[in-house]
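Written out below as structure tokens is the structure these notes cover.
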Amino acid sequence: MAWRPDGKRICTGILSGLLQFWDVENMSLVGEIDGQKDIAGGRKVNDRMTADKNASSRYFTSVCYSADGTCVLAGGNSKYICIYEVSQQMLLKKFQVTFNRSLDGVLDKLNSKNLGESGPIYNGDGSDEHDPNLLIPGAKRLDDGSRKSLQEVLTHQVSFSSTGREFSAISTEGLHIYSIDEDMIFDPIGLTESITPSAVMRHLNKNEYGTALRMSLHLNEISFVHQVLEETPYSSIPHVVKVVGPEQLEHLMNFISSCMTTSPHLEFYLEWCLQVLLQHGKFLQERRGRFMRSFRAMFKVISTRFEELKGMCDENSYTLQFVEEQGRLVMGSM
């Protein structure tokens, strides 16, 4: 089950493959999504019927809401994870977490030579790695205790990010992270032969901070952008932000949020955030859907640093009052 972020709805998954939505105040059922066909996985080696007719694995074991509560992400005993739109109760997208054929349940159809009229057939001598007898624990005679068995493809947990632009899933093979943004470490868009790391350093040494920042954003490497941001004088921040083009605003906001996470220069990076909103506020407002991820990332890091600073000041409030009183006493005695 999962709570909607506003706490007014609960989504539950049951063994029949349904996703049920409950109103918290009245505890009444307000909607259902039948995901049995969507979650249907491949055929396992022990199954006596085809994947289309086998309903034993068609249910969700993990579900979560998106940050705005409009979508639900669900995964379970299958190779698929599904995203549903809640209000319309429709499937938006279905992802296959793995194509590894060594996992049980990935293939939709098994090898026909191992199938008989009553289902899968085996040699019985233990030579077949799909033999279900190999799944029985314990040692046999003339056996060192080792076993070969197929791991079943499962999705143990799914979760949306706070920005709503990415989600992750934990499956048999590990952690999978999906994103609707095609972020790259190296972005060649708008890149020319003159834009090089040495050129960035050359403009930075000449105090040409705006040009250096634009070139570092084209290179899209955090180390160069961080250095340019740190070496830009506080008084020059409004002029530097003003020369940044609209196509680079999203990258700049993401880099500012990333650098601010661990930097001790809070006022310095707050000035960067403020100037981005002042200089490009109208453009950002008109296209707020495109920049929503950057807005949320910036808001999250500012809120986190505010809580940290607030807690630190609250813990030392009496110390600060004592120092202030001592200063007044010293000034009064003089």
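Quick note: the coordinates plus some simple rules give every number you see, no bench work behind them. What you see is a predicted model, and the numbers here were worked out from it, not measured in a lab. Cβ atoms come from the backbone with ideal geometry, glycine included; neighbour counts cover every protein chain shown.
Of everything in the range 285-305 that's in contact with a Leu (Cβ under 9 Å, 6 or more places away or on another chain) and aromatic (Phe, Trp, Tyr), which residue is surrounded by the fewest Cβ atoms within 10 Å (Cβ to Cβ)?
This residue is Phe295.
From the set of residues in the range 215-236 that are outside any helix (DSSP H, G or I) and among the polar types (S, T, N, Q), which is farthest from Trp272 (Cα to Cα)?
That would be Asn220.
Report, by residue number, each residue of the range 222-264 that is of a type in the set (Ser, Thr, Tyr) and loosely packed, with under 14 Cβ neighbours inside 10 Å.
Across the range 222-264, the qualifying residues are Ser223, Tyr234, Ser235, Ser236, Thr261, Thr262.
Considering only the range 262-271, I want to know if a residue exists there that is in a helix (DSSP H, G or I), of a type in the set (Val, Ile, Thr) and touching a residue at least 12 places away in the same chain (Cβ under 8 Å).
Within the range 262-271 (the criterion being in a helix (DSSP H, G or I), of a type in the set (Val, Ile, Thr) and touching a residue at least 12 places away in the same chain (Cβ under 8 Å)), the answer is no, since none of the residues qualifies.
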